[in-house]
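Participant: The structure under discussion is supplied below as structure tokens; questions concerning it will follow.
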Amino acid sequence: MIARGVMLGPDQPVIIHMLDIEQAAEALNGVKMELIDAAFPLLKGVVATTDVVEACQGVNIAVMVGGFPRKEGMERKDVMSKNISIYKAQASALEQHAAPDCKVLVVANPANTNALILKEFAPSIPEKNITCLTRLDHNRALGQISEKLDVHVSEVKNVIIWGNHSSTQYPDVNHATVKTTDGEKSVRVALANDNWLNTEFITTVQQRGAAIIKARKLSSALSAASAACDHIRDWVLGTPKGTWVSMGVYSDGSYGIQPGIVYSFPVTCEKGQWSIVKGLKIDEFSREKMDATAKELMEEKTLAYSCLV
Ligand code: LMR
């Protein structure tokens with residue numbers, strides 16, 4: 001997808017650096033061969049390495065997909081300590097060797113807390129440059145609503161994922177809209193099914209990652225890769241006017257979410273910078289769910305720090 005221009009647009013040449021562990025070096029080289037064989041016009045180079053310094057050297061965008069994978073029946077917290085040491089090491093390598101304005105997207109779980117660890121161990125990378133992926137959940141929410149309304153997914157916009165990329169996340173449709181033949185309507189009005197929106201819709205989005213693992217015996221792959229491209233593309237090239245997306249970012253205290261955690265907010269992006277959408281009305285139902293996912297992130301933070309000592 002990156003080499004085809006899905007992430008950075010059809011006019012942006014790319015050099016792809018790929019890092020894997022020693023045991024996967026041969027397979028990684030196979031991926032490099034395939035990238036060369038695909039003769040992508042935008043692909044100006046491929047570095048396949050097991051050396052974190054070589055991988056991070058001069059990179060402008062770092063997509064952190066490496067981590068110890070969650071297996072069926074495992075809670076995300078189970079993989080925490082395995083991932084903390086990976087993120088600590090990669091933070092130092094990025095800090096020392098990546099481009100100073102490098103944008104970082106953490107995908108591997110627990111994504112929000114891995115991003116927080118990376119931020120803590122790479123203090124010279126601006127905190128605004130370290131984010132985690134909740135665009136996958138955002139896209140899942142758009143998908144569920146478009147299926148229910150029987151409209152194309154591109155007609156639906158401005159859902160919000162609040163909080164953690166976990167089963168406590170809060171997919172919020174209170175500000176979402178859908179294009180209809182009578183103009184733009186609120187999703188709640190168009191759907192006229194608050195019961196579904198307040199129950200099954202929320203749990204389906206919250207549990208979608210687990211449902212995919214159960215079905216495939218593997219984590220989501222295509223949808224996660226596509227969401228990572230969406231996240232970076234909008235961050236670098238900007239969100240369409242009147243549209244926001246969800247990104248896990250370091251909380252600045254907006255919406256009463258305490259600073260010190262990486263939390264998913266609605267954001268718009270312009271000129272390579274994201275900004276949290278301000279001033280949205282939050283009802284009591286939402287408040288409770290936003291606070292519950294913040295509480296889980298605080299607990300994850302405490303657990304992560306206990307793994308560090
Ligand atoms: C997903 O949401 O599909 C993944 O984050 C699930 C997982 O834990 O790998």
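The values are calculated or read from the model by the stated rules, or taken from the named source; none is laboratory data. On a predicted model such as this, the values are computed, not experimentally measured, just so you know. With ideal geometry, Cβ positions are generated from the backbone for all residues, glycine too; neighbour counts draw on all protein chains shown. Surface accessibility is based on the protein's heavy atoms, side chains included, excluding ligands, DNA and RNA. Shrake-Rupley method; radii C 1.70, N 1.55, O 1.52, S 1.80 Å.
Participant: Given (1) away from the ligand (no atom under 11 Å from the Cβ); (2) under 29 Å from S275 (Cβ atoms); (3) of a type outside the set (K, R), identify the lone condition not met by A227.
Facilitator: Every listed condition holds for A227 apart from (1).
Participant: Just one of S85, S81 is of a type in the set (S, T, N, Q), within 16 Å of the ligand (Cβ to nearest atom) and within 30 Å of K214 (Cα to Cα); which is it?
Facilitator: Values: S85 fails: within 16 Å of the ligand (Cβ to nearest atom).
Only one candidate qualifies: S81.
Participant: Here is a follow-up. Report the residue count in the stretch 172-213 for those that are in contact with an Asp or Glu (Cβ under 9 Å, 6 or more places away or on another chain), within 30 Å of M74 (Cβ to Cβ) and open to solvent by 50 Å² or more (accessible area, probe 1.4 Å).
Facilitator: The number of residues fulfilling the criteria is 1.
Participant: Being open to solvent by 40 Å² or more (accessible area, probe 1.4 Å) and basic (K, R) is the filter; apply it to the stretch 137-171 and report the residue that is farthest from C269 (Cα to Cα).
Facilitator: It comes out as K148.
Participant: Please work out if M74 is assigned to a helix (DSSP H, G or I) and open to solvent by less than 70 Å² (accessible area, probe 1.4 Å). Spell out the reasoning first.
Facilitator: Working: assigned to a helix (DSSP H, G or I): no; open to solvent by less than 70 Å² (accessible area, probe 1.4 Å): yes.
It is false that M74 is assigned to a helix (DSSP H, G or I) and open to solvent by less than 70 Å² (accessible area, probe 1.4 Å).
Participant: Another question, then. Under 6 Å between Cβ atoms, which residue pairs at least 6 apart in sequence (or on different chains) link something in the stretch 205-220 that is over 17 Å from V107 (Cβ atoms) with a partner that is more than 7 Å from the ligand (Cβ to nearest atom) and basic (K, R)?
Facilitator: Listed by first residue and then by second, the contacts come to V205/R140.
Participant: Here's a follow-up. Please count how many residues of the stretch 210-230 are farther than 21 Å from M1 by Cα and not β-branched (V, I, T).
Facilitator: 6
Participant: Within the set of pairs 6+ apart or on separate chains, which have a first residue in the stretch 35-51 that is farther than 19 Å from D11 by Cβ, a second that is assigned to a loop (DSSP other than H, G, I, E, B) and open to solvent by 50 Å² or more (accessible area, probe 1.4 Å), and C-beta atoms under 8 Å apart?
Facilitator: From the stretch 35-51, the pairs are A48/D20; T50/D20; T50/I21.
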